[in-house]
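Taking it in order: structure first as structure tokens, then the write-up.
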Amino acid sequence: MAQRRYVKPSSGTHLLNAVFAALARLGISVYGARILAIRGRNSGAWRTVPVNVLNHQSVDYLVAPRGETQWVRNLRVAKTGELRLGRRVEPFHAEELRDADKPPVLRAYLKKWGFEVKVFFDGVAADAPDADLVRIAPSHPVFRITPLGAVRMRDSGTE
């Protein structure tokens, strides 16, 4: 089994995440940002975090640049969640990709958000050889997300 990797966010990252989350709650997406909402694996309470949703070859993905985050652990258990932007709520089902299937998705993710996340990918960039992407794949969980039912609008006072 591969060693679990997790890069803890700095206080500056927490501040930026709070700004992106606030904008997403207002319905403003900065470069594809959404609020990911997942039921906690122990508490069952909604847990939220801002994420970048990657659309690659007409399929949506969530990539965890920091590795084994709490949202990754919760999503592995729940298998479903919501993507939120303003009052818009998109329920989805998630399927984790095998390491062998990750390289093209990681390449696309780095191509789009490398300027923001490159520090978490051990010097591997979008133009890296396939072998480098295969090497880092176990450290970066990737989920294929598919819509579950209709998009709905939530009340403004709910989490």
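Taken together, the values in this text are just the output of simple stated rules run on the coordinates, not laboratory data. Quick caveat: nothing in here was measured; it's all calculated off a predicted structure. Don't worry about glycine lacking a Cβ; one is built from the backbone with ideal geometry, like all the others, and counts go over all protein chains shown.
Here are some notes:
- Note on region 77-148: Kirkwood radius taken over Cα pairs, Stokes-Einstein applied at 25 °C and 0.890 mPa s, translational D equal to 183 µm² s⁻¹.
- Evaluated with a Cβ-only charge set (Lys, Arg +1; Asp, Glu -1), the chain carries a dipole of roughly 420 debye about its Cα centre, given to the nearest 20.
- The chain: Lys pairs at Cα distance under 17 angstrom, eight or more positions apart or on different chains: 4
- 0 to 90° range, to nearest 10: angle between helix 103-117 axis and the chain longest Cα axis: 70
- Region 7-159 - percent relative contact order, Cα under 8 Å, separation 6 or more: 25
- Option label - P(r) over Cα pairs in 5 Å bins from 0, in percent computed here, alternatives (1) 2, 7, 10, 9, 7, 7, 6, 6, 6, 5, 5, 4, 4, 4, 3, 3, 3, 2, 2, 2, 1, 1, 1, 0, 0; (2) 1, 7, 15, 15, 12, 12, 13, 11, 7, 4, 2, 0; (3) 2, 9, 18, 22, 23, 15, 8, 3, 1, 0: (3)
- Calculated FRET efficiency for the pair Ala45/Glu96, C-beta based, R₀ 30 Å, to 0.05: 0.85
- Helix 11-25 axis, angle to the chain major axis (alpha carbon atoms, nearest 10°): 50
- In region 1-84, the ratio of gyration radius to Kirkwood radius, Rg to Rh, stands at 0.96 when only Cα atoms are counted.
- Panel order for Leu83, Leu26, Leu106, by other beta carbons found within 10 Å of each beta carbon, from fewest to most: Leu26, Leu83, Leu106.
- Gap separating the Cα centres of region 17-43 and region 116-146, nearest whole Å: 22
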